[in-house]
Structures are given as structure tokens and as C-alpha cells.
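First the structure, which I've put down as C-alpha cells, then a few questions once you've had a look.
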Amino acid sequence: MSQNRTLVNLFENSAAQHPENVLMFEKKNNAYQSTTYREAKQIIEKTAAGLLALGVKPGDTVVLFSEGRNDWVFSELAILYCKAINVPLSIKLKELSEIKFRFNHSLARFAIVSQSQLDKVLQIKNDLSNLQKVITLDEVNRSDTDLLSMTTVREVGEDFLKTNRDLFEKTYQSVQEHDPANICYTSGTTANPKGIVLTHRNYTANVEQAQALYEIPEYYTSLLILPWDHSFAHTAGIYTLMANGASMAAVELGKNIIETTKNIGKNIKEIQPYFLLSVPSLSSNFRKNIEKEIRAKGEKVWNLFQRGLKTAYAYHGDGFRNGRWHGNLLFAPLYFLFDKLIFKKVRQGFGGRLRFFVGGGALLDIDYQKFFTAIGIPVYQGYGLTEAAPIISANCPGSQKMGSSGKIVPHLQISIRNDDDEELPTGVSGEIVVKGENVMKEYWNNPEATRETIKDGWLYTGDMGYLDDDGFLVVLGRYKSLLISDDGEKFSPEGIEESMLNHSPYIEQFMLYNNQNSYTTAFIVPNSSAVLNFLKDQNLSKKFADGQQAVIQLFIDEINRYRETPEFKKKFPGKWLPVSFAILGTPFTEENGFINSTLKMVRWKICEFYKDRIDYMYTPDGKDVFNHQNMTIVSRLGE
């Protein structure tokens, strides 16, 4: 990378060093087609020149509203070549008011939009006073004078370069590493989204930090499953691959998100990635699909798989890696036999070349980490947040401790602080505070929030955690999500919630609540099909009281396991397990705003919407979980 450490120069250097390497794979005409670094550079130059010709100026903000595809990367780099700022929006945004807020707050003058997102923009276009031009990535049959196709933009750019190449080169060469590259909006866990300003150097610093942990040879390819506007896929995927001359592939687009998601499995087999970026929900789906396929092969194969897992768990041990083996090598011959018979075939389902997952988004349950390590595709859990571009820590080959979020990336300072801003010793939990070149510049047009979050260069993450004796970071959850009892004691609920979802087949969603109360309560969204199958097996009906009571008792038993089982008692104090709970008939979804685009619960919205249910759980009637409200909801399951 040249001395001016920008994303523009990162790409320029890779294109110069690896011109014939494949940068992008995209599905067209039912087959993946490749674009080399040299070809991508030509497209990006035409796109950037076209934007300049249309009036994009240094410092302008340009919204990019599209699914992950070649043109996503080409468009972002073209914006950056203009010394402008990209504002990537999540395609999961459905509320027009939220989209409108981001356009207006970012002062976007231009927008680059895919066909599937265009209607959203057109519905609010007249209310966007700053917006001048909308560029469509796909050809659309409309006569709007302020709509331009990307094809036209590139034709304009090609002409512009013939007479203005000096201006084009002067513009992109003037980009400085401390110039803003992105404004990334928070995804809605608070009432007012904030625009996180990440500079070119924030990104290139984090790419360097990622490269220090993971070796990514130029022959590596990854299918980028996670949304490309998210900082995790953006840095750990797009730019880390690009910096190494490696390749990335987009998931084949369907008619909607559900159809696109269904394409992931076959696309993995087609691309044969060397690593994948994952989040807990994705890992859970992968495991379910693996187990479903093996069960379908019959009881003998299933029992053999279970024996193989037990052998693998013994061989790998607790998964701690610090330069030496901590498992039981006596199991090596048997493990490698099972690997040849079963696990190798499982890996073939992932294309046959997959070496590891990098996990983020939330802490993955240890059982899942053990499972994927057993089958030979370990999940290396990391931790980060967009304000840090985003990687703060990560497990990696040769340095891993399951249950942790890994060691801090190089050239990043960390401090664990208490409520009085005093530094805490090893093993004591407090707020995670970090300082380094990957820390954001500011919140866009929000100096108050910036002052609250960045103090003397230190980023106050709002997350709770501690450093253990081996230097691994253990993340406990969000400070803003903390349960607070009536005596002022605090506890992070995420660990219990994640564990409950991973270990209970009857609970689809689970949220704990305690805001300075004498006991903890919970919301339970049942897994309707599992509960109805339970009733069928018990020869009971949801329409009658005995069936309703049996379902409620089922949830009581699930919670009581955490009070009685030594494994859970050690991890989760009984004080924070729910005394009462409310069964909900409607799941938390992105459509109703209770789940954000990163698949996390929007707690304040849930609590606000269900305020009456919360209040009821703290009455004598509501504390009794066999109350009429829960009985009624059970009677409606599956309807």
C-alpha cells in the first residue's frame, strides 16, 4: 500500500500487482462469470468519470442502495475516486420514513439504486430536497428526467476521460487517508439512527489489523453472504480480499430476499469458498441443514455421525489454542477415520475447500463452536462494532479460546472501565473502551453523540466485557441492554437469551426484562410447530385448559433447567432467570420493527409496544404464568 493509505490506493495497488486475478464473481445467465482486477479498474474509472461529469464534487454524499453485486463495489470505489462519501443503505430498510431520514440527514445529492430498491426511493423522492439525480444500476422503463442508467453514466464517463483524464487523475490522487469514505447508519436499536463517519484510514488500518490475524492468499475466494453495507462484510470481506489480490463472489439474486437466501447453499457449492463470514443465525441454519441431511440417510448413518462428534470433541478438547495442542491425541486415529468416513463428505457440501468461518455479530454458543470444529470447519469468533470499522478482536488459527471473542487486534489499545471511568484489572468486567486508527472520526452532524462516545480519542463501545488471564476478550453484552434489579445490580441478558434459543426446541425467540424490579420477567415467542407436535404426542389440544397448561409448563421446565443443571447454574445466576413470562402470539420481525437489519432485537421498541404486558407481569395475577393472557395466546398458536 502506498504512503497515502486510502481505499482508492488499496485498490490501485492490487490492480497493479494482480491485474489478471479475478476480483468479482457474479451469476449471469445461470453461470458465475468473472471480472478481473484490470477489467474492474476500467469499469470503476468510467463510472467515477461519469459521476464527475454529472457534477459529483469532493465532499458530496452519494447514497448506494443495492443488493451485493459487482456494481456495489464498482459504485462505491467510483464514489471514493471522486473524493466523495458513500452512504450505503441496507436493502432491509422498509419503512419509508427511515429511508427518508438517512437521505436527508446525510444531505445526499446523488443516489445509486438497484431496480428492487427503486420504488422505495421514488415514493419519497419529492421530499428529498437535496437529491438531484438517481442512477439506476438496471435498465428501467421510465421517462423521469432525473433518472439515469448506470450504462449512460459510464458512456458519459468514457467521453469525459478522452478530454479530462488529467482532471480525473488529479481528483482521485487528491484523496487523503483522513477523508471520510462512508457514512454508515446505525441499524435502529436506538430511536434516532446515527451516521458513523469512517475514513479511508479507518478502513485501511482495520484491513491491516485483519491481515495480521489471518493469512489470505491471492488464490482465496469467498462468497459474501452477509449484507455488503454492513461493516463486517465490508472490511473483513470486500477490502481484505481486495488488499490481497483475492476474489469475492455475490449470492445469486432472487426475486426477493427469501429467494436469494435459498440460493446460498448451491452458490457455496459453485464458488467453493476458502472461508465464509458468518453470524450466529447463519451458523445455526448451516448446522440444522447438516443434521437434517444426515438424519435423512437413516439411523445407522446418524448414529455413526454422533459417535464421530463425540470422538472429535475428545480429540479437539476445549478448543483452546495457544501454540500447542490441548486436546487428547490418543483419539487422533479414530478421529481421522471418522473424518474420512463422514466429516469430509459434510465439507463437500460447502464446496470442499472451506477452511474456516469468521464469526461476528453476536457471540456464538460454545456448543456450535465445538460442532464446527469437530467437522473440520472451525468458527473463529470475533468482536467489533461499526464505530471501529469494525474489528476489535478475533480468534484465529493457532490462537483461539472458545467462549471468548479472541485477542485484541494489533495496534489497538483497550481498557476496561467502570461507571466512574476507572480502569479495571484483568478478569473484572466493565465497559470495553478502545483507541486506534480504526476508530471512527465522528457521528455525522451529531457533535453531542460524538462527545458522549469518543473521549480523548477513546471509543466507549457501550459493550460490557473483560480480559481474561490469557489476554482473550470476553464480551458479555450491551450496557444499554443490561438488566437492572431493584438493588441496582446489573446483568447482561444476551448469554441467557442465546443459550435458551440454542437449547430449547420449543422457544423461537426469548427476551429478558428487568428495569429496577424485584424479579426478572421474559417474553417468549413459541416455536409453534414444535409446540403443536408436543401437544399431538401428548394427545392434548391447545383449545382446552389441560393442553394450554401443559404448554406453559413446558416453558417453565425449560427455564427451570437453568436453575437445576450444574452447567447452566454456574454460568447464569438464578436471580436473572424469569419468575414470570408473557407468551407472545406475534414474532419479532424486521417488518414490525422488533428486529433490526443485523437480526438483533430492538429492545426499546418491544418494551414500548408491550408496556401493558410488562406491567401485568408485575401484578399478582400476571406473576402467575398460568394467567388468562398466556392461556389465550396458547389457544391461538399456529393460526
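What follows draws every value from the coordinates through simple rules; no lab data is involved. These numbers were taken from a predicted model, which means no experiment stands behind them. When we count neighbours, we look across all protein chains shown, and the Cβ atoms used for this are built from the backbone with ideal geometry, even at glycine.
For residue 569, go through the aspartates and glutamates and keep the ones whose alpha-carbon is under 19 Å away, minus same-chain ones fewer than eight residues off.
365, 367, 489, 494, 497, 498, 557, 558
Starting at the first residue of segment 20-31, write each ³J(HN,Hα) from the Karplus equation 6.51 cos²θ - 1.76 cosθ + 1.60 with θ = phi - 60°, in whole Hz, x for Gly and Pro.
Working through the residues one at a time gives 9, 5, 7, 8, 10, 10, 9, 7, 9, 6, 6, 8 Hz.
So what's the net charge close to residue 368: Lys and Arg +1, Asp and Glu -1, counting the other residues with Cβ under 14 Å from its Cβ?
Within the 14 Å Cβ shell, the charges total -1.
While we're looking at this one, here's another question. Tell me, what is the FRET efficiency for residue 285 and residue 166 to the nearest 0.05, using R0 = 41 angstrom and their Cβ-Cβ distance as r?
0.20
Next question. Where does the chain land at 222 nm, in deg cm²/dmol rounded to the nearest 500, when only DSSP H runs of n ≥ 4 count, each adding -39500 (n - 2.57), divided by all residues?
After summing the helix terms and dividing by the residues of the chain, the value is -12000 deg cm²/dmol.
Lysines near residue 623 by alpha-carbon distance under 20 Å, same-chain residues fewer than 8 away left out - which ones?
575, 611
In addition: Expressed in nm to one decimal, what extension gain is obtained for the pair residue 292 and residue 4 from 0.36 nm per residue of sequence separation less their Cα-Cα distance?
98.6 nm
Using the Cβ atoms and a cut-off under 12 Å, what net charge is assigned to the surroundings of residue 449, where Lys and Arg are +1 and Asp and Glu are -1?
-2
Suppose each label sits 7 Å from its Cα in the direction of the beta carbon; what would the residue 33-residue 539 distance come out to in nanometres?
Label-label distance for residue 33 and residue 539, simple model: 6.4 nm.
Using DSSP, restrict attention to beta bridges with both residues in segment 482-635 and report what percent are antiparallel, rounded to the nearest 5.
Of all bridge pairs located within segment 482-635, approximately 60 percent are antiparallel.
If you count, for each residue, the other Cβ atoms within 10 Å and average over each peptide, how do 226-239, 71-84, 105-118, 604-617 line up from highest to lowest?
Result, highest mean first: 71-84, 226-239, 105-118, 604-617.
Is there a quick way to get the dipole size of the chain? I mean about its Cα centre, with the Cβ of Lys and Arg at +1 and of Asp and Glu at -1; what is the value in debye to the nearest 20?
Here the size comes out at about 1780 debye.
Considering only DSSP beta bridges where both residues belong to the chain, give the percentage that are antiparallel (nearest 5).
60 percent
I've got another one for you. List the residues, sorted by chain then number, that are 5 or more residues from residue 5 or on another chain and whose placed amide H is less than 5 Å from its amide H.
177
Tell me, what is the FRET efficiency for residue 141 and residue 448 to the nearest 0.05, using R0 = 41 angstrom and their Cβ-Cβ distance as r?
For R0 = 41 Å, the calculated efficiency reads 0.35.
Additional query: Could you work out how much longer the chain between residue 632 and residue 563 gets when fully extended? Use 0.36 nm per residue separation minus the Cα distance between them, nm to one decimal.
Length difference between fully extended and current span is 22.1 nm.
For the pair residue 621 and residue 421, what calculated FRET efficiency results from E = 1/(1 + (r/R0)^6), where r is the Cβ-Cβ distance and R0 = 56 Å, to the nearest 0.05?
0.80
Sorted by average packing, counted as other Cβ atoms within 10 angstrom per residue and highest first, what order do 576-585, 528-537 take?
For the peptides 576-585, 528-537, the packing ranking is 576-585, 528-537.
Using the crude model of +1 on Lys and Arg Cβ and -1 on Asp and Glu Cβ, and no other charge, please compute the dipole size for segment 482-635 relative to its Cα centre, in debye to 20.
For segment 482-635, the charge dipole is close to 120 debye.
If each residue of separation counts as 0.36 nm, what is the full-extension length gain between residue 502 and residue 96 once their alpha-carbon separation is subtracted?
Fully extending the segment from residue 502 to residue 96 adds 142.7 nm.
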